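Q: Mind looking over this structure? Questions follow.
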Amino acid sequence: MTQRLQNLVVGTSLSAESDPVVRAALTLAGASGAAVHLVHGFPLPVVYGGGIYGGAAIHSQLQHDEDRYQELLGVQLRRLGTGPEALASTTVEMEGPDRLIARVADEKNADLIVVGASEGPAALGPILGSTADRLLRRTHRPVLVVRGDVDPPRRVLAPVDLSKLSEQGVARALDLVADMGPDPKLDLTLLFVLSRIDREGSAHFEPAQVDRFALEELQSFAGRLDHPEQRTHCALRNGQPRQEILDYAAEHPADLVVLGTHGRSGLERFLLGSVAAGVLRHLPVSALVIPPAEADSEDDAEDA
């Protein structure tokens, strides 16, 4: 099988809280042979703009800060029991973390970006950290949002909406998952949620008939995913999509949840779909997010 996962870009705050994020990237790189590019962006402190320093002093202070962050990077790698030789490159620059991560990902042609789920203030609790949130709105590349330690996933949950874009997103996610580890025994669950309007709003079909039609479509969707070594299960739920997805994830724990950021109502490309955003903020496990432009690129290639 041709290697698809070749370049990983991982964002780090250099703190102990971001150790699992870097560890996850190194684990995935060890399984796939991919190169790891580590990125840390730091903001311009307010004091630099206060008129106290001249240009030379500001430059000197910035260089001092960059050197300090490089030292902290070395400390983080030692905490993880590794060294700079495990990384293909490091980028430590004064720039917003989400902007810097997205830029480096483009420069390195990253197949996957790895970031933490909650690098904001501790008071935010389960709410998605601001860096990850902004990054998901900015990049067109797949993003692994890490919660806790990450091993090659064996149980994957993929909520879908039965659209072509959703199908392309799941197929792309499965390609990435296949490169995350050698174990072919992947259990994939495709989950489709029928809202109350979808289920009860038909003038021609009873809700039970709508359930049957939806399950048939979901099974057809599953049959089009060309991964013969995986075990695929179909699950149908009725209710409010965000809550039903979270309830299913709690009742049937997975190692990884795959989410597309498009919406059935055609949300703007760079706005994280409301269902995906709501699910992502409250998931207890890591999530692989496939933006719509990633699926669109495959569509364009087919049309060329």
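Q: Kindly provide the set of residues from segment 172-185 that are open to solvent by 20 Å² or more (accessible area, probe 1.4 Å) and in contact with a Pro (Cβ under 9 Å, 6 or more places away or on another chain), ordered by number.
A: Arg172, Ala178, Pro182, Asp183
Q: In segment 246-304, how many residues are more than 20 Å from Ala25 (Cα to Cα) and at pLDDT below 85?
A: Count: 32.
Q: Pick from segment 223-245 the residues that are within 26 Å of His140 (Cα to Cα), in a loop (DSSP other than H, G, I, E, B) and in contact with a Leu (Cβ under 7 Å, 6 or more places away or on another chain): which of them is modelled with the highest pLDDT?
A: Checking each candidate, the answer is Leu225.
Q: With surrounded by 12 or more Cβ atoms within 10 Å (Cβ to Cβ), farther than 30 Å from Ile290 by Cα and either β-branched (Val, Ile, Thr) or at pLDDT below 90 (or both) as the only criterion, which of Tyr69, Tyr53 stands out?
A: Sole residue among the options that is surrounded by 12 or more Cβ atoms within 10 Å (Cβ to Cβ), farther than 30 Å from Ile290 by Cα and either β-branched (Val, Ile, Thr) or at pLDDT below 90 (or both): Tyr53.
Q: Give segment 172-195 a look and list any residue that's in a loop (DSSP other than H, G, I, E, B) and within 22 Å of Gly239 (Cβ to Cβ), or say none.
A: Within segment 172-195, just Ser195 meets the criteria.
Q: Moving to a separate point now. Say whether the condition of being touching a Lys or Arg at 6+ places or on another chain (Cβ under 9 Å) and modelled with pLDDT of 90 or more is met by at least one residue in segment 211-222.
A: Yes, because at least one residue in segment 211-222 is touching a Lys or Arg at 6+ places or on another chain (Cβ under 9 Å) and modelled with pLDDT of 90 or more.
Rundown of residues vs (1) at pLDDT below 90; (2) open to solvent by less than 10 Å² (accessible area, probe 1.4 Å); (3) in a loop (DSSP other than H, G, I, E, B); (4) of a type in the set (A, V, I, L, M), yes/no style:
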{"site": "Leu100", "(1), (2), (3), (4)": "no, yes, no, yes"}
{"site": "Val145", "(1), (2), (3), (4)": "no, yes, no, yes"}
{"site": "Asp151", "(1), (2), (3), (4)": "yes, no, yes, no"}
{"site": "Val156", "(1), (2), (3), (4)": "no, yes, no, yes"}
{"site": "Leu165", "(1), (2), (3), (4)": "yes, no, no, yes"}
{"site": "Val170", "(1), (2), (3), (4)": "no, yes, no, yes"}
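Q: Select from segment 225-257 the residues that are open to solvent by less than 80 Å² (accessible area, probe 1.4 Å), acidic (Asp, Glu) and free of Cβ contacts under 8 Å to residues at least 60 places away in the same chain and write down the one among them that is nearest to Val285 (Cα to Cα).
A: Checking each candidate, the answer is Asp247.
Q: Which of (1) modelled with pLDDT of 80 or more; (2) in a helix (DSSP H, G or I); (3) surrounded by 13 or more Cβ atoms within 10 Å (Cβ to Cβ); (4) not aliphatic (A, V, I, L, M) does Asp198 not meet, given it meets every other one?
A: Checking Asp198 against (1) modelled with pLDDT of 80 or more; (2) in a helix (DSSP H, G or I); (3) surrounded by 13 or more Cβ atoms within 10 Å (Cβ to Cβ); (4) not aliphatic (A, V, I, L, M), the one that fails is (1).
Q: Only one of Ala110, Ala132 is open to solvent by less than 30 Å² (accessible area, probe 1.4 Å), under 20 Å from Pro292 (Cβ atoms) and modelled with pLDDT of 90 or more; which?
A: Among Ala110, Ala132, only Ala110 is open to solvent by less than 30 Å² (accessible area, probe 1.4 Å), under 20 Å from Pro292 (Cβ atoms) and modelled with pLDDT of 90 or more.
The values are calculated or read from the model by the stated rules, or taken from the named source; none is laboratory data. Treat the numbers as computed from the prediction; the structure is a model and nothing was measured. Using ideal geometry, Cβ is built from the backbone for each residue, glycine included, and neighbour counts are taken over all protein chains shown. The area values use the complete protein model at the heavy-atom level, side chains included, leaving out ligands, DNA and RNA. Shrake-Rupley method; radii C 1.70, N 1.55, O 1.52, S 1.80 Å.
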